[in-house]
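Notes follow once the structure below has been shown.
The values are calculated or read from the model by the stated rules, or taken from the named source; none is laboratory data. Because the structure is predicted, anything quoted here is derived from the model rather than measured. Glycine also receives a Cβ, built like all others from the backbone with ideal geometry; neighbour counts cover every protein chain displayed.
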Amino acid sequence: MKTLKNLIKTALVAGAIGLAGNLYIPNKSFSQNVPKTSKEKLLPNLNFYFETGEYIHYTGHPEFKKYVEAWLSEVSKENKNGAIWFNYGDTDDDGVYDYVSVQKNSPPIKYQEKFSFNFDTKKIDYILEIYDCCYGLIHNCDKIITKSYNNIDQKEAEQLGEDFFERIKEFAKTQKEFSRFNSGQLEELVRKEYSSKLIMDSFGKLVGNSRIPIEKFLSEEEIKKVENYIQEKPERERIKKEQKEKFKELKRQQEEARKIEYEKQEKIRKEQEEARKPKARLKIGGGIAITLPRGHIGSFLGITPQFTNKKGKGFAIGLDMFILNSKMNFERSGGREDSEEKVGSYEYLISHTLYTHDILAKNTNRFGMNIGYVSPVCEIFANAGFLRQKRLAETTVVTEEYIEKYGIKQGESLFKTEKINWEKGKFFGPLYAGLGVEIFPFFKKTIKSNKNISFSLDGVIVGRDKFYTYYSLPIQYLNSPRHFIINAGIKYTFRK
């Protein structure tokens, strides 16, 4: 089919521009219940909803400076589940809707039509897109075919069919009559549009109608392409399912192979461990914990189970477990919340709320790993893990309120201050890493010595910890400052 050219009568377009230019388009979105009339409606089981607004950009369409969106649905407006979506769009912000899109769900297909009006040349561009019917937004479905025609005028529009040309006139007429208080004509148009949709009949044929004459839009090959796509869909899904099953089976075989290999390697590892016969020891001790930079002094009790080689020296690995009593204070801003509330004609109550948190972090436990090198005289070790931490905080909420009229502050501000105490425990708290040394003052005389006393010094660096604040909107995430803990104490070793 050759490219179609030229569409709307000059008089009709001129009238549409004149009236649409003075068209009132509200700024706020709204919906309207179906008005009762004496005339029986098409598709009475479907509810009619519509909204208007400014500045929206739908995928696959130009940006609308103003728009009208209407749809039919069996459910409530909030679900946004429509059988048809009808949109007017003003793309150049001149008060005239120069773009119309119509999207219809007609299982097993979805399709949409796009009409772009050029009121200077008295012509339109037309696009027809047919998709596979999938769940969700139309642009996420598989597109079967697209056909576009540019610069259509009245003569060639009439060649497409009287009813197709009548649709164009109805779009312009409804635009002229529409207002937020009079949606009856828009509703009638939307219901009429949905009642004349493309369908796939029981024989798998794509069927159009006089308002959408597909035999003039599409060639026989293009219509057949749509029909074949739908007819072949079950076979494609069957193949896809088979491929998925094959992939699952292959994955199962790979997991089984990995499991066999893992069991094999695990067996080798256990045999090697048995051959090495590692020697276990348990160290327990206590002392003081100093938290920097503010120098809080607390206490600690530590337990460190370790494994060394059979000679009881060389590299050792174990757990790093402490009961702590270290503290740290810091203050953080919790953010700001602004709001305004209309209280009268051009009068607004302005509210600014600031949140400040005075936080006391108490480290109660330390859990991690300890890796060291043991000699007959001393042990040098490194450790890493996390702190169990409890936070006690006082949140100060300062609210400033005042009245604005015509954007100008009226009178003095009213300030309100509130203090809120809250508590939060965190098992997996900030991470730490450190170095330490143990000195054995009583040198062991033989390999069979089973007890020893050691002096230890352990310094750790605690990293920043992200946490969220209470009583602060929106919720903010803060970082606690880094701090240092120095442990100094005595340890007693069992089964060394």
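A few comments on the model shown:
- Failed item, numbered, when Ser449 is tested on (1) in a loop (DSSP other than H, G, I, E, B); (2) modelled with pLDDT of 65 or more; (3) of a type in the set (Gly, Ala, Ser): (2)
- Output for the range 351-364, where each listed residue is in contact with a Ser or Thr (Cβ under 8 Å, 6 or more places away or on another chain) and in contact (Cβ under 8 Å) with a residue 40 or more places away in the chain: Ser351, His352, Thr353, Leu354, Tyr355, Thr356, His357, Ile359, Ala361, Asn363
- Residues (over 16 Å from Ile214 (Cβ atoms) and not β-branched (Val, Ile, Thr)) located in the range 166-176: Glu166, Lys169, Glu170, Phe171, Ala172, Lys173, Gln175, Lys176
- Test: residue in the range 199-216 that is within 37 Å of the chain's Cα centre (by Cα) and closer than 24 Å to Leu43 by Cβ: yes
- Residue in the range 242-262 that is more than 39 Å from the chain's Cα centre (by Cα) and at pLDDT 90 or above present: yes
Residue-wise test of (1) crowded, with 18+ Cβ neighbours inside 10 Å; (2) touching a Ser or Thr at 6+ places or on another chain (Cβ under 9 Å); (3) modelled with pLDDT of 85 or more.
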position	(1), (2), (3)
Pro305	no, no, no
Thr308	yes, no, no
Gly318	yes, yes, no
Met321	no, yes, yes
Asn325	no, yes, no
Glu337	no, yes, no
Tyr346	no, no, no
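- Residue within the range 151-167 that is among the small types (Gly, Ala, Ser), farther than 18 Å from Ala70 by Cβ and surrounded by fewer than 18 Cβ atoms within 10 Å (Cβ to Cβ) present: no
- Exactly one residue out of Ile230, Ile223, Ile214 is touching a residue at least 12 places away in the same chain (Cβ under 8 Å), in the same structural domain as Lys143 (by TED's automatic domain parsing) and in contact with a strand residue (DSSP E or B) (Cβ under 7 Å, 6 or more places away or on another chain), and it is Ile214.
- Within the range 287-303, considering residues that are modelled with pLDDT of 80 or more and within 16 Å of Pro481 (Cβ to Cβ), the one surrounded by the most Cβ atoms within 10 Å (Cβ to Cβ): Thr291
- Taking the criterion of being assigned to a loop (DSSP other than H, G, I, E, B), of a type in the set (Ser, Thr, Tyr) and touching a helix residue (DSSP H, G or I) at 6+ places or on another chain (Cβ under 6 Å), the residues of the range 48-99 that qualify are Thr59, Tyr97.
- The requirement of being farther than 24 Å from Lys279 by Cβ, of a type outside the set (Gly, Ala, Ser) and either touching a Cys at 6+ places or on another chain (Cβ under 8 Å) or at pLDDT below 85 (or both) is fulfilled somewhere in the range 393-402, by at least one residue.
- Output for the range 174-205, where each listed residue is surrounded by 21 or more Cβ atoms within 10 Å (Cβ to Cβ) and free of Cβ contacts under 8 Å to residues at least 24 places away in the same chain: Thr174
- Each residue in the range 374-431 was checked for being assigned to a strand (DSSP E or B), aromatic (Phe, Trp, Tyr) and over 25 Å from Arg336 (Cα atoms), and 2 of them qualify.
The rows are residues; the columns are (1) hydroxyl-bearing (Ser, Thr, Tyr); (2) under 30 Å from Ile288 (Cβ atoms); (3) loosely packed, with under 14 Cβ neighbours inside 10 Å; (4) at pLDDT 80 or above.
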residue	(1), (2), (3), (4)
Ile408	no, no, yes, yes
Gly425	no, yes, yes, no
Ala433	no, yes, yes, yes
Leu473	no, no, yes, no
Gln476	no, no, no, no
Phe494	no, yes, yes, no
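- Residues located in the range 100-129, provided they are outside any strand (DSSP E or B) and either among the aromatic types (Phe, Trp, Tyr) or within 14 Å of Thr146 (Cα to Cα) (or both): Phe119
- In the range 206-216, the residues that are over 10 Å from Phe164 (Cβ atoms) and surrounded by fewer than 18 Cβ atoms within 10 Å (Cβ to Cβ): Val207, Glu215
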